[in-house]
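One structure is given below, encoded as structure tokens.
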Amino acid sequence: MPPTLEGPVEEVVVLRGARFLDGVMQTKREPMGYGMMLVPSLEALIPRDHRLYKLNRVVDLSFVHEAVRDRYCQDNGRPSVDPEVVIRLFVIAAIEGIRSIRELMREVQVNLAYRWFIGYRLDEALPDHSTLSRSLDRIGDAVFNELFERSITQCQQSGLIEGKVLHLDATTIRADLDVGRVAKPDSPDPDARFGRFPDGKKRPGYKQQTVADGRSRVVVGVSVQPANCPDDTGMADMVDAATDRLGQIPEVVCADGAYSSGKNCASMEERGIRLVSPPPPIGGASDKFFTVEDFVYDEAADTFICPAGKKLPFVGLDSTRSGRREYRASKRECRLCNLHGRCTRQKCRRVKVGPDHAALIRLRADSHTASFREVYRSRAPVIEGVFAEAKQWHGLRRAWRRGLAKMRIQCLLIAAVLNFKRLAAAFLRLLWSLEVILTFLRRFLDVLRRRWQKIFTPHQRGRIFYMTP
């Protein structure tokens, strides 16, 4: 007689070498056929915690149509793709890190959240990828710059930006170009240049300068140059632009050692800003001879005083290096000096420094303070974290298109997306705080209601409520 399935529901029995859970019947779903159905709105199908749903609550693109009005004919020609749709498509590319326009349109074709974000129905035909490329060329970078500035304004109005400490740094971006065609007459990317990447190798690319707020990591400044530009190029201009956007002068600008030139030190001092950047190493350092740091600089008299107490006055500009100033001691005093052997092999000692040496001296003195070290320790988590986020998740590691103008569009767009992410997160925190407060008030009122019912009878509650003076 074959075994039977008897006993409790959860009893496990053995049947022909297999184990079954009694009470659970296996089912098979039939293949989906064609049929009619009522489709709800796309928004009803999007989870409330989806990144695009959260982003859509803080992104305001109402300015786009007016901003591009002069780029389109208003009363003639074939209908264009809605400029706001073009911007929204590239916002999707930035938030998802999609480099290719063809790939972007393939993803939008099948992704409900993407269709909802750009305002297209399920049965609505999407723009062609070539049309999207031409629309981007028509719109230009001015709209993306305004989008970036609006993201800063919204973050500032929400209280995210403190503005007291700004972090500045540069990162390299690989260009979409073969190394053999850099700076050639027939190069498809005439603006890309060789630059040194983090692994030490030189590759064609661009360099993005970025300024970020020290508290919230909101990006408040972006500038793009070819990769062969020095890191400290235009530091003062970047700080001035960020100051104008925020409407306040920062107390501190923090950067790595590439920005600690005498020129940058002096420019920050002129603006009343403290520069936190490791000073450059002392040139010509030697155990045998005195270095320039062993000489005392009298800024008022514009002279150096040597370890023996003798003066080295300014004698003129260095003919071999542009802008450097030369100070020289008297030959007679050097010949009679007891420290001559530790000072120089020449007949007299010369000191050559940059025009902003005094500012560099003050930076070196400040670099030994505890507050300097504390601010500099916060640099990597802020600015390096911004670069890591942009490259890992949003496609900044490599150029999407060719040319400096298109590279600038990419950098501005990704920076705006980063800011909107911070804004959306702050908005959700605010909603969560309000929900906590409302929950507390509901519980408090519930406790009061229970105590009211416990103390007074229904007849007494009615008398108290309707009591007249």
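Structure notes:
- About the centre of its Cα atoms, the range 46-139 shows a dipole size close to 220 debye [charges on the beta carbon of Lys, Arg (+1) and Asp, Glu (-1) only; nearest 20 debye].
- Nearby aspartates and glutamates by direct alpha-carbon distance to residue 54 (threshold 16 angstrom, same-chain neighbours under 8 apart not counted): 43, 96
- Karplus-derived 3J(HN,Hα), 6.51/-1.76/1.60, for each residue of the range 386-400, Hz, glycine and proline x: 4, 5, 5, 5, 5, 7, 6, 10, 10, x, 7, 5, 9, 5, 6
- Peptide packing: for 28-41, 321-334, the average count of neighbouring Cβ atoms within 10 Å per residue gives the ranking 321-334, 28-41, highest mean first.
- Degrees between helix 101-110 axis and first principal axis of the chain (Cα, 0 to 90, nearest 10): 20 degrees
- For the range 70-142, the list of trypsin sites (Lys or Arg not before Pro) that fall in a loop by DSSP and count at most 13 other C-beta atoms within 10 angstrom reads 121.
- The residues 130, 367, when put in order of fewest to most other Cβ atoms within 10 Å, stand as 130, 367.
- Applying the Karplus relation 6.51 cos²θ - 1.76 cosθ + 1.60 with θ = phi - 60° to the range 233-245 yields 3J(HN,Hα) values of 5, x, 4, 4, 5, 5, 5, 4, 5, 5, 5, 5, 5 Hz, where x marks Gly and Pro.
- Dipole-positive endmost among 336, 322, 305 within the range 292-354 (Cβ charges, Cα centre): 336
- Taking every C-alpha pair closer than 8 Å and separated by at least 6 residues, the mean separation divided by the residue count of the chain gives a relative contact order of 16 percent.
- Amide H partners (placed H, <5 Å) of residue 221, local residues excluded: 211
- Rounded to whole Hz, the Karplus (6.51, -1.76, 1.60) HN-Hα couplings of the range 186-193, x for glycine and proline: 9, 5, x, 10, x, 9, 6, 9
- Cα centre as origin, Lys/Arg/Asp/Glu Cβ charges: the chain dipole, Debye: 1340 debye
- Long-range HN-HN contacts of residue 195 with modeled amide H, under 5 Å: 203, 205
- Once backbone amide H atoms are built at 1.01 Å from N, residue 276 has 253, 254, 255 as its partners under 5 Å, excluding neighbours fewer than 5 places away on the same chain.
- Charge dipole of the chain about the Cα centre (unit charges at C-beta), most positive-ward option of 246, 31, 158: 246
- Charged neighbours of residue 63, selected by a Cβ distance under 10 Å, balance to -3 (K, R count +1; D, E count -1).
A short reminder: the numbers here are calculations on the coordinates, not readings from a lab. This is a predicted model, so every value here is computed, not measured. In this analysis, Cβ positions are derived from the backbone assuming ideal geometry, glycine residues included, and neighbour counts consider all displayed protein chains.
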